[in-house]
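Trainee: Below is a structure I'd like to ask you about.
The values are calculated or read from the model by the stated rules, or taken from the named source; none is laboratory data. The model shown is predicted, which means the values in this text are computed figures rather than measured ones. Using ideal geometry, Cβ is built from the backbone for each residue, glycine included, and neighbour counts are taken over all protein chains shown.
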Amino acid sequence: MPFLLRLLKKVWVYVLVIAGATLAAGLYGALHDQISYTLAPEYYTRFKFEQFGLFWGNDRPREAAAVVGVLATWWVGTGCALLLGLLGFIFKEPAQMRRALIRSTLWVVAGAIAGGVVGYAYGCYRVTPESITEYARWVRPAVTDPIAFVRVGFLHNGSYLGGFVGLLAGAVYLIVARIKAGRCTSRSGLDGGRLKGQTPG
């Protein structure tokens with residue numbers, strides 16, 4: 001394949017990955033925040049709806065929570081795809097780049113999920129009726145269940161941290177995959193050279 005055509009196809013893969021990651025991140029955020037709303041409704045009714053300017057949120061809280069999730073995460077997907085996508089150009093073929101980028105973004109998703117679970121578990125461990133006074137500055141006015149409020153805060157922070165760790169893991173995956181692909185290409189070239197060098201006896 002000519003170099004310019006290969007480059008154009010790789011740029012197209014890059015654009016598609018960014019668009020797909022942005023949409024996927026928004027969907028993930030909407031689902032994530034449905035879970036968060038179930039665990040701590042006041043995290044939204046007393047905090048997030050105001051933060052995002054969703055003053056109609058208290059009338060339709062589930063819908064508003066989904067909107068919060070989309071607004072809070074779409075840009076994370078875009079940013080991760082921009083960074084991982086640039087690194088994806090180290091692959092020679094567009095098809096290799098596409099497969100590797102899809103797999104690397106799964107590392108980000110896995111990291112975000114794992115980070116949220118660990119964050120919430122840690123929050124449940126740390127935030128108790130005995131220790132809630134230590135987190136009083138985290139709690140918004142008029143919150144009636146401060147323990148649930150703070151625990152969900154841990155969940156959200158854990159998700160972001162886990163996503164960052166997943167981004168690093170995805171980058172490492174791309175580098176390792178490229179090295180392996182290069183070794184396979186070199187091995188194939190050597191085997192082809194040996195076959196050409198063989199002549200009938």
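Trainee: With the requirement that a residue be touching a residue at least 60 places away in the same chain (Cβ under 8 Å) and not charged (D, E, K, R), what does the stretch 92-105 give you?
Mentor: Within the stretch 92-105, PRO94, GLN96, MET97, ALA100, LEU101, ILE102, SER104, THR105 qualify.
Trainee: Could you list, ordered by first residue, the pairs with Cβ atoms under 7 Å in which the first is in the stretch 32-52 and closer than 10 Å to VAL68 by Cα and charged (D, E, K, R) and the second is surrounded by 15 or more Cβ atoms within 10 Å (Cβ to Cβ) and modelled with pLDDT of 95 or more, at least 6 apart or interchain?
Mentor: These pairs meet every condition: ASP33/ALA65; ASP33/ALA66; ASP33/VAL68; ASP33/GLY69; LYS48/VAL68.
Trainee: Something else: For PHE164, indicate whether it is within 20 Å of the chain's Cα centre (by Cα), among the aromatic types (Phe, Trp, Tyr), under 17 Å from ALA112 (Cβ atoms) and surrounded by fewer than 17 Cβ atoms within 10 Å (Cβ to Cβ).
Mentor: yes
Trainee: Mind checking which residues of the stretch 25-47 are crowded, with 18+ Cβ neighbours inside 10 Å and among the hydrophobic types (A, V, I, L, M, F, W, C)?
Mentor: Answer for the stretch 25-47, where residues must be crowded, with 18+ Cβ neighbours inside 10 Å and among the hydrophobic types (A, V, I, L, M, F, W, C): ALA25, ALA30, ALA40, PHE47.
Trainee: Exactly one of these conditions fails for ARG98: (1) closer than 30 Å to THR45 by Cα; (2) within 25 Å of the chain's Cα centre (by Cα). Give me its number.
Mentor: Evaluating ARG98 over (1) closer than 30 Å to THR45 by Cα; (2) within 25 Å of the chain's Cα centre (by Cα) leaves (1) as the failure.
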